[in-house]
Structure formats: structure tokens, C-alpha cells
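Participant: Got a structure here, written out as C-alpha cells. Questions coming.
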Amino acid sequence: MAQFQEVSKLSSQHPKPPGLVLQYGTAGFRSNAKHLDHAMFRTGLLATLRSKKTKATIGVMVTASHNPEEDNGVKLIDPMGNMVTAEWEGYATQLVNAEQDDLLIVLKDIIEKETVNMSQEANVFVGKDTRYIMLTNLLFVNIYSLHYMVCCQNTQGKYGEPTVEGYYRKLCQAFIQLIKNASNCTDDQKHLSVDGANGIGALKLHEMESHVKSELQISVFNDGSKGKLNYECGADFVKMQQKPPTGMEMSPGERCCSYDGDADRIVYYYTDSEGQFHLLDGDKIATLISTFLKELLTQVGLDLKIAVVQTAYANGSSTRYLEDTMKVIVRCTKTGVKHLHHAAQEFDIGVYFEANGHGTVLFSEVAEEKIQLLTQDPNTNDERKRAAQLLQNTINVINQTVGDAISDMLLIEAILAIKGMTVQQWDAIYTDLPNRQLKVKVADRRVIDTTDAERRAVSPAGLQEAIDSLVKKYKLARSFVRPSGTEDVVRVYAEAETQESADALAHEVSLAVY
Ligand code: 16G
Ligand code: ZN
């Protein structure tokens, strides 16, 4: 077939370095950008097949998120804006690792297995962050609105207009509606400082700022005009270092937040009058949002099941607070958005956040319908109607296709304003257990295999027993190890009653990993 000859010719211009093996990991292929040319090209090929197979628009996202500027990555987005299925992740790995001469064989194999109709038209949207890439003939749209746009495109506009402007208009309108329920907002409450990690989020913030200016004044730092992407700034830096990013001016008590390089993570923080730094991570965000939603559900009197989905990294205090005090269902999944997203879909309202600030809220179709009906029901009293409208606007402000820092930020800002809550009051809902994360370089991280949502190691033999006996030495302690899905390291997490204990435990467990 002529199209295969074309593929063969083009692929030789994007040759695979012989012997190089890449894994479709937690969030697609990720590596130093100089090793990725063939992966970009071949992922594009697969996107075309996926589009033909699903008869829908598919997204290709080019980003390495919070990784250093030298890295890059690529992943596929399915018709409803979520991550591609595990089966197709497998095809992606096969295709990208095929040696040059075997490429067509692997490609034809996938076409046959999936009975792809090659005469079907294909549609692919491509998104990227601010990293430099050389791609020809690709339409660039911007980052997380891409998931939204893929979804809009495939639902004939039911979810919204498939344009970047349409996206911001929708979010900002919903935010303005929500904030009408806040009374007596002071100027301090209306101000927020944002660290853009020198990435795409900062650029997009400048574009959307004008739509919300009357209700939220944003000062953007690390907006990419001077600094390097993710360098000493951004959500990952702040979370891991537990300190403010460089390049940010902060006064005591002031509410601040950081995005990551591709603006799908957000964490909040402030310094107190003694100069002490306080972090409000994804767990605190999940708690704030789920408390707000649960209160509204009580007010509307709808029997909808709400749950919070976390990973092993969730601070033990957050899990305890959610289960014991808030009485919401808590689920734990493996690390990576696709796992959390999947688990959240099982509930009427699924709030999912990784501790690192990656997350969103999902509403089931049934939940959306019930809420919508209530907003229109003439027999509903004012209090119920107000609560139903708040829920409706929450649905509109949140990006249900994937976590998006801007959308999450608008929801958090609206909740704080409606509840008249300061960042300190939010922080005081529960106290985090001191914790520490370390990374360990080992010869082959794949020897570590885990179970129970990565909370226990099943191999190598004896490792879990060693961790268990170390954990026993400390109060309120917990620790686990897992191979990273994005870097060639093993990650170690420990928490305990004091910072000294958490540090010591993390150190001892990392020695047990060798
Ligand atoms: C990716 C994931 C993120 C996860 C992180 C873990 C997506 C879109 N991103 O960045 O959710 O927390 O990987 O990295 O799924 P690790 O496996 O190296 O610890
Ligand atoms: Zn990211």
C-alpha cells in the first residue's frame, strides 16, 4: 500500500537510536528530548490509528510536565479527553521500540489486531508546553485545554466549544457565578500570587486574567520571561523541598500557589509571621473541595455517593480526617492520573488528588442530571436551589477531563471566598504528619514489585519485612517504596510523628532498598 511506503520513507528521517528502549510510563514516554524524535513520530502514527479505530478525534500531548527543561515527553489522549487505554499503551511501547526495519511489521500487526479500517478519516489534535520541539505539519493548541477540546470535539459541543477561548470563557463564567455567593470579600481575599514555573500556565493566566479581574487579582511570578522551566520553582519543587519557589515575593499570611511546567498540578502555601513555611498540597485541596461538596449535598438533600481518591503518598492525617471526621469514602490507587481517574468514575462524585497537586472532580451523568433538575424545579425552596446552583457552577468550573491548575485554582478560590475562609483556616482543618521523600539510584529498579496500591513491596524477597521492622521503631509511622514511572530511580516515602523520625525512617528504608 502506498501509505506504508510513505511511512517507511518518513520514519527513516526520524530514526530510532539502535538498542534504545523506552517505556510508555505513568504519563507516556518521557526522556531527555534528544532521544525522543522517533518516539514523537511513531506516537503520531499510533494516534492516527487510534483515531481511525475510534472514529473520533485523538489528542497527542507533548510535555514532560515538572521535569527539567532538557526532558520532553509524549502521550495519547482518548476521545473523551482521558488517557488512552492500557491496551493501546502496550501498542505504543511496541511501536516506539521496534527497530527501524521492523516498524512496518509492528504497525501492520496493530492494524490487524484492532481491525482498523485504513480508509477511515483520522483527526488528531496536538498540544505542547513551552519546551522547544521541532514538529512539522502539526497544529499547536495549548496544554490542558487540549483534553477539554478533544472531549468537546467528540461530543459535538455538548461539553463546550472546542477552542481555547471557549474553554476560558466557560471556566471564568462559572467562577463569576460561584463568587456571587461570597459576601464581604476583602481586597486581601481577592488577591492571589501565582508561581507559573516558567511554563505554559503563566502564559495562559495572562490570557484569562481579564475575564476574572473584578473578583480575583492575580500577580504572576516565574512567568517565563527570565527564568528556566521548573528550575527552583513550580509545584514539584515546592512540594518536594517544602519551601517557597525562588523569584516569588511573599508577605506573611499571603495566599500563594504554584503550578507545574504544564499546569496540571497546583499546590498552595503561605509563610506565617514567624517566617515558617506552610504547604497546602493535593490532600488539603481534596479535603477543602470534598467538604464543600458534601455540605452542598446535604443542603440539596440528594443522595449522591461522594468519594475521595488518593494514592499511597497521601498524608496519613488527611486520610484519617476524611474517613473519621468527614465520613467520606476514601479509595487508594496506584500513582498516576489514569488510575485515580478510573477509580473516581465509580462514584456519583469522585474527588481525586495526588498529594503532588494533580487532580480534579468527576460527576457522574446521573449526578449531573439530578443537580440540573433541581436548579429548574419550581417547587425547590431557596436554600436548596442556591445549593443546587452552586453544585451546577462547580461542575462548570471544573475540568472533568483531566486535572488543570487554572480550573482547580478557580474552584479553590471560589470555595475560600464563599466560606469566608483564610488560607490559615483552611490549613488548620488538620495537621499534616511530617514526611520525607527520597530517591534511590539502583542498578535495576524493576526488581521492585509492589501490591496494595503500591503500599507494599512483594519483591525483592525480604524488603517488605525490613520496612515493617523499621516502621515499628517510630510513632505514627508509615513508609513504602516504589519504582518511579518517569525516572530511573526508586522512590521512598516515610511519615512519622516528628520530622526527625520521618527523615530517619526515609533514610533507613532507602538503605534497605540497595
Ligand atoms: C506523572 C503523572 C503524575 C504522577 C507522576 C509520578 C500523569 C499525567 N502524571 O507525572 O500523576 O504523580 O508521574 O511520577 O499521570 P513517578 O512515577 O516518577 O513517581
Ligand atoms: Zn504536569
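The values are calculated or read from the model by the stated rules, or taken from the named source; none is laboratory data. None of the values given here were measured: they were computed from a predicted structure. Using ideal geometry, Cβ is built from the backbone for each residue, glycine included, and neighbour counts are taken over all protein chains shown.
Participant: Report yes if some residue within the range 410-432 is farther than 30 Å from L505 by Cα and within 16 Å of ligand 1 (Cβ to nearest atom); otherwise report no. Full working, then the answer.
Facilitator: Here is the first cut: in the range 410-432, the ones farther than 30 Å from L505 by Cα are 410-423, 425.
With the extra rule that they be within 16 Å of ligand 1 (Cβ to nearest atom), the set shrinks to none.
No, there is no match, as no residue in the range 410-432 is farther than 30 Å from L505 by Cα and within 16 Å of ligand 1 (Cβ to nearest atom).
Participant: Could I ask something else about it? From the list A64, A86, A27, which one is exposed (fewer than 15 other Cβ atoms within 10 Å of the Cβ) and within 15 Å of ligand 1 (Cβ to nearest atom)?
Facilitator: A86
Participant: In addition: Identify all residues within the range 491-509 that are crowded, with 20+ Cβ neighbours inside 10 Å and polar (S, T, N, Q); write none if there are none.
Facilitator: At the first step, the residues of the range 491-509 found to be crowded, with 20+ Cβ neighbours inside 10 Å are 491-496, 501-502, 505-506, 509.
Passing the criteria: only S501.
Participant: Please name all residue pairs, on different chains or six or more residues apart, with Cβ atoms under 6 Å, provided the first residue is in the range 285-296 and is over 16 Å from N315 (Cα atoms) and the second residue is part of a helix (DSSP H, G or I).
Facilitator: Correct list of pairs: F292/I415; L296/A387; L296/L390; L296/L391.
Participant: Residue by residue through the range 273-294, note down the ones that are farther than 30 Å from G127 by Cα and assigned to a loop (DSSP other than H, G, I, E, B).
Facilitator: Listed by number, the residues that qualify are S273, E274, G275, Q276.
Participant: Out of all the residues in the range 261-290, which are modelled with pLDDT of 95 or more and within 16 Å of ligand 2 (Cβ to nearest atom)?
Facilitator: R265, I266, V267, D281, G282, I285
Participant: Oh, and also: Restricting the search to the range 210-241, which residues are closer than 27 Å to G166 by Cβ, buried (at least 17 other Cβ atoms within 10 Å of the Cβ) and free of Cβ contacts under 8 Å to residues at least 40 places away in the same chain?
Facilitator: The answer is I218, V220, D223.
Participant: Just checking: which of the strands (runs of 3 or more DSSP E) contained wholly in the range 1-120 hold 3 or more residues that are within 24 Å of A344 (Cα to Cα)?
Facilitator: Values: elements: 29-32, 57-62, 71-77.
In the range 1-120, 57-62, 71-77 are the strands (runs of 3 or more DSSP E) which contain 3 or more residues that are within 24 Å of A344 (Cα to Cα).
Participant: Moving on. Please list, ordered by first then second residue, the pairs with beta carbon atoms under 8 Å, 6 or more apart or interchain, first in the range 242-264 and free of Cβ contacts under 8 Å to residues at least 60 places away in the same chain and within 17 Å of P68 (Cβ to Cβ), second among the hydrophobic types (A, V, I, L, M, F, W, C) and within 16 Å of ligand 1 (Cβ to nearest atom).
Facilitator: Matching pairs, first to second residue: P245/A197; P245/F237; P245/V238.
Participant: Is at least one residue of the range 255-272 in contact with a Leu (Cβ under 8 Å, 6 or more places away or on another chain), within 16 Å of ligand 1 (Cβ to nearest atom) and in a helix (DSSP H, G or I)?
Facilitator: no
Participant: Please give the helices (runs of 4 or more DSSP H) falling wholly within the range 363-464 in which 2 or more residues are under 25 Å from D260 (Cβ atoms) and small (G, A, S). Spell out how you get there, then give the answer.
Facilitator: On the way: elements: 365-376, 382-397, 405-419, 423-427.
Those helices (runs of 4 or more DSSP H) span 405-419.
Participant: Please verify whether K385 is over 20 Å from A286 (Cβ atoms), among the charged types (D, E, K, R) and assigned by TED's automatic domain parsing to the domain that holds T298, treating the condition exactly as stated.
Facilitator: yes
Participant: Same structure again: If D408 meets every condition in (1) more than 16 Å from ligand 2 (Cβ to nearest atom); (2) in contact (Cβ under 8 Å) with a residue 24 or more places away in the chain apart from one, which number is that one?
Facilitator: Unmet condition: (1).
Participant: Additional query: Given the criteria more than 13 Å from ligand 1 (Cβ to nearest atom) and either over 16 Å from V337 (Cα atoms) or at pLDDT below 95 (or both), does K243 qualify?
Facilitator: Working: more than 13 Å from ligand 1 (Cβ to nearest atom): yes; either over 16 Å from V337 (Cα atoms) or at pLDDT below 95 (or both): yes.
Yes: the conditions hold for K243.
Participant: State which residue is farthest from ligand 2 (Cβ to nearest atom) when the search covers only the range 327-347 and only residues that are free of Cβ contacts under 8 Å to residues at least 60 places away in the same chain, out of contact with any strand residue (DSSP E or B) (no Cβ under 7 Å at 6 or more places or on another chain) and more than 15 Å from I289 (Cα to Cα).
Facilitator: Here the answer is E346.
Participant: Of the conditions (1) touching a Leu at 6+ places or on another chain (Cβ under 7 Å); (2) free of Cβ contacts under 8 Å to residues at least 12 places away in the same chain, G19 satisfies every one except a single condition; which number is it?
Facilitator: The failed condition is (1).
Participant: Is it true that A235 is within 14 Å of ligand 2 (Cβ to nearest atom), small (G, A, S) and part of a helix (DSSP H, G or I)?
Facilitator: Numbers: within 14 Å of ligand 2 (Cβ to nearest atom): yes; small (G, A, S): yes; part of a helix (DSSP H, G or I): yes.
So A235 fits the description; yes.
Participant: I would also like to ask the following. Looking only at the range 357-379, which residues are of a type outside the set (A, V, I, L, M, F, W, C) and surrounded by 18 or more Cβ atoms within 10 Å (Cβ to Cβ)? Even if it seems obvious, please write down each step before you answer.
Facilitator: Filtering the range 357-379 for residues of a type outside the set (A, V, I, L, M, F, W, C) gives 357-360, 364-365, 368-370, 372, 375-379.
Passing the criteria: G357, H358, G359, T360, K370, T375.
Participant: A further question follows. Looking at the range 63-89 only, could you name the residues that are within 16 Å of ligand 2 (Cβ to nearest atom), hydrophobic (A, V, I, L, M, F, W, C) and either more than 21 Å from H35 (Cβ to Cβ) or out of contact with any helix residue (DSSP H, G or I) (no Cβ under 7 Å at 6 or more places or on another chain) (or both)?
Facilitator: Hits for the range 63-89 are A64, I77, M83.
Participant: Shifting gears a bit: Could you check the range 205-261 and list, in sequence order, the residues that are aromatic (F, W, Y) and touching an Asp or Glu at 6+ places or on another chain (Cβ under 8 Å)? Quick ask: steps written out before the conclusion?
Facilitator: The first filter runs over the range 205-261 and keeps only residues aromatic (F, W, Y), leaving 221, 231, 237, 259.
Of everything in the range 205-261, those that are aromatic (F, W, Y) and touching an Asp or Glu at 6+ places or on another chain (Cβ under 8 Å) turn out to be F221, Y231, Y259.
Participant: Taking the range 257-279, which residues are buried (at least 24 other Cβ atoms within 10 Å of the Cβ), touching a strand residue (DSSP E or B) at 6+ places or on another chain (Cβ under 9 Å) and not basic (K, R)? Explain how you work it out, then say what you get.
Facilitator: First pass over the range 257-279, keeping only residues buried (at least 24 other Cβ atoms within 10 Å of the Cβ): 257-270.
Now drop any that are not touching a strand residue (DSSP E or B) at 6+ places or on another chain (Cβ under 9 Å), which leaves 257-260, 262, 264-270.
C257, S258, Y259, D260, D262, D264, I266, V267, Y268, Y269, Y270, listed by residue number.
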